[in-house]
Amino acid sequence: MLNKLMRKKNILSEGSIADQIANVKSRQIPAHVAIIMDGNGRWAKKRNLPRVAGHHEGMKTVRKIAKISNEIGVKVLTLYAFSTENWKRPKLEVDFLMRLPGEFLNTYLGELIEENVRVEMIGDLSLLPDHTKKAIEQAIRKTKDNDGMILNFAMNYGSRAEMIRCTQELAKMAASGEIKWEDIDEDMINSYLMTADLPEPDLLIRTSGEIRLSNFMLWQLAYAEFSFTDVLWPDFDEACLLSEVEEFQSRSRRFGSVEGEEPV
Ligand code: FPP
């Protein structure tokens, strides 16, 4: 797999990606990497292309980044593909974005299965068009027994909506006497979020120079390391991801304590 990737990038002789891979693999790999994939529109504009061309190119980046993440041993890769606020975009763009999961999975599902990747999703699936829902459900079904990296798409996802849903569930159970209000703690809240079965993100990356969270995993990112890069998502390649992991590995994570000042 590594050699194949290097041959494809024609860098077998340079060995730079190989060096970077070996380097990051010798240190702790972030178990869960979450990415806000931003900058598709600006990438297209710079080339006098319609915005949707940027999204299409961004889809190819999804493949590259999923492959390299899997290769270095990331356990969960969560990608913010469509937010609960993205419905406000022009209909043409929304329609295009809704077709991308289908196109992506039609093209690459075989490859994901071969690489033992499991596809999952967070977000409100019920509001997606039938064709989008079908593509995602099929990918989830066909990869459910894979035990490699989880490729987790956040589709029609919004952290506030997720927290409202969780709060309502817990309030309902408290009102019916199923739980006591004073039993509500972090673990219980975690278990009612859409990420219940996933570890918390260790590393959050946002591309394109924007420095905000845009309603993405607000609870779950409490102790993640943040990285904001100017690179536009369609230009974000394997070397960029590896550099982000190297940067993560140089950080000292203390989770509020004063111990463990050594970099991870
Ligand atoms: C934000 O960039 C990007 C999105 C809202 C969509 C992200 C979607 C993809 C990268 C493709 C997803 C692929 C699959 C397989 C689901 P923007 O359009 O806001 O960029 P701009 O800020 O430059 O305008």
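Every number here is computed from the coordinates shown, using simple stated rules; none is lab data. Every value quoted in this text rests on a predicted model; they were computed, and no experiment measured them. Cβ sites come from the backbone with ideal geometry, for glycine too, and all protein chains shown count toward neighbours.
Here are a few things to note about the model shown:
- Basic side chains Lys and Arg get +1 at the Cβ, acidic Asp and Glu get -1 at the Cβ, and with that the dipole of region 126-236 about its Cα centre reaches some 600 debye.
- Most simply put, the chain has about 0% antiparallel DSSP beta bridges, counting only bridges with both residues inside it.
- Ordered by the count of other Cβ atoms within 10 Å of each Cβ, fewest first, V117, V52, V94 give V94, V52, V117.
- Residue pairs exceeding 32 angstrom between C-alpha atoms, taken from K45/K75; K46/K67; K60/K88; K75/K180; K25/K45; K75/K133: K45/K75; K75/K180; K25/K45.
- Calculated FRET value between I211 and S26, using beta carbons and R₀ = 41 Å, to 0.05: 0.85
- The calculated 222 nm mean residue ellipticity attributable to helices in the chain amounts to -14500 deg cm²/dmol, summing -39500 (n - 2.57) over DSSP H runs of n ≥ 4 and dividing by all residues.
- For I136, I211, I179, the sequence from fewest to most other C-beta atoms within 10 Å is I211, I179, I136.
- Residues with amide H under 5 Å from that of E225, placed H, sequence gap 5 or more: L203, L204
- Modelled FRET efficiency - R0 51 Å, K134 with V258, Cβ distances, 0.05 increments: 0.50
- Inter-label distance, D197 to E85: 3.0 nm, where each label sits 7 Å from its Cα along the C-beta direction.
- Residue-wise HN-Hα coupling along region 111-121, computed from phi with Karplus coefficients 6.51, -1.76, 1.60 (Hz; x: Gly, Pro): 5, 5, 5, 4, 8, 6, 7, 10, 8, 9, 9
- Placing dummy labels 7 Å off each Cα toward the beta-carbon, the span from D95 to Q168 is 3.0 nm.
- With contacts taken as Cα pairs under 8 Å at a separation of at least 6 residues, region 188-264 carries a relative contact order of 25 percent.
- Only Lys, Arg (+1) and Asp, Glu (-1) charged, at Cβ; the chain dipole about Cα centre in debye: 1260 debye
- In sequence order, region 125-131 has phi-based couplings of 5, 5, 8, 7, x, 3, 5 Hz under the Karplus curve 6.51 cos²θ - 1.76 cosθ + 1.60, θ = phi - 60°, and Gly or Pro positions carry x.
- Taken along the Cα-to-beta-carbon direction at a fixed 7 Å, the label points for K60 and E178 span 4.8 nm.
- Amide H partners (placed H, <5 Å) of I184, local residues excluded: none
- Arranged from fewest to most other beta-carbon atoms within 10 Å of their beta carbon, Y192, Y80 become Y192, Y80.
- Positive dipole terminus of region 130-192, leading residue within T132, A161, W181 (C-beta point charges): T132
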